[in-house]
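I have placed the structure first, in the form of structure tokens, so that the comments after it can refer back to it.
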Amino acid sequence: MAIERRELIVHVSELALGMHVVRLDRPWLHTDFPIQGLRIASQKDIDALQRQCEYVFIESTESSQRTSRVTDLTANPPGSSKERRRKRMGLFARLGKRKKSKAGKSDNTLHGKPLCTHRPKPAERVVYHDKVPTEKELPKATISYSEAKASVSEIMEAIRIGKSPNVERNQEAVNDIVDSVLRNKDALLWLTKIKHKDAYTAEHSLNVCVLSATFARFLGHSDDEIRQIATAAMLHDVGKSRVPSDILNKEGRFTDEEFEIMKLHTVYGRDMLLGINGADRIAVDVAHSHHERVDGSGYPRGLTDKQIPYYAKVIAL
């Protein structure tokens, strides 16, 4: 059976935790939501949607053989009696299906340990405000960016030749990056737009680190969680140090055989980080799973939405 992703209309009175809101009944810019798209994670999210909207559109995965249960937005516009009945019946069916699926077992484990596939519950969503203007932070950010880039290059080279990487220096570099992001969300983002072809892998890892830390700040993660996310992001592509350089640096499209070799960097990264004393579990999960996709089309394991580690989802964005 083919699987399709469709949008379902839900009245705000019927919203539930876990729903993925992809559209509103009004432009996102006319609300106080800073990013388009919202995974409902708390009652506060529901309250905010109910305060500002009458109905929303949520993402739903349905089989092509059951599309009659999916809203036809043209034939059944919001407000019609047929559409209201469908919403109520469809919602109960989806909630029942969700409860049933939770009762089943998942093989989503790493070395026998379950992965964290949802956001850890924070005590309170942290709201950050820039402490310094961008122009004042930029000189410090430039220094932090350069030092962090050198640190990533050293780690890649050390692992490539079989030496133990300087984990302490990498953590210092990550801390400098996060400190800059917490002071000002924009300064380092400007630097990620500068591309140097001769240092792509190290630069890419660093840019992902900056973007992930910035996104984690927006999500309201705590200071410590942002540092964990940034560390994992810095090391997410460490397995590429084991990919042959003629493939890693190839210009243009990979052949099918080359792509299969490139995909192994996720497995290499997992194994390499597991071999480091005191390896961070989040970094291992991210290295292994950052190319997984919610529809199951990713690699190396073809995990689907609820099987993918939460931090891997954050960094994959």
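The values are calculated or read from the model by the stated rules, or taken from the named source; none is laboratory data. This is a predicted model, so every value here is computed, not measured. Please note: Cβ atoms are built from the backbone with ideal geometry, for glycine as well, and neighbour counts cover all protein chains shown. For the accessible areas, the whole protein counts, side chains as well, though only heavy atoms, and no ligand, DNA or RNA atoms are used. Shrake-Rupley method; radii C 1.70, N 1.55, O 1.52, S 1.80 Å.
So the values come out like this:
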| quantity | calculated |
| --- | --- |
| Candidate set from segment 134-158 (those that are modelled with pLDDT under 85 and more than 26 Å from the chain's Cα centre (by Cα)); member that is least open to solvent (accessible area, probe 1.4 Å) | A158 |
| All helices (runs of 4 or more DSSP H) inside segment 241-285 with 2 or more residues being in contact with a Phe, Trp or Tyr (Cβ under 8 Å, 6 or more places away or on another chain) | 256-263 |
| Residues located in segment 33-79, provided they are part of a strand (DSSP E or B), modelled with pLDDT of 55 or more and either under 19 Å from R125 (Cβ atoms) or touching a Lys or Arg at 6+ places or on another chain (Cβ under 8 Å) (or both) | L38, R39, V56, F57, E59, S60, T61 |
| Contacts under 9 angstrom Cβ, first residue in segment 156-179 being under 13 Å from Q228 (Cα atoms), partner part of a loop (DSSP other than H, G, I, E, B), 6 or more apart | N170/L235 |
| Among residues of segment 216-240, those that are in a helix (DSSP H, G or I), open to solvent by less than 50 Å² (accessible area, probe 1.4 Å) and touching a residue at least 60 places away in the same chain (Cβ under 8 Å), counted | 11 |
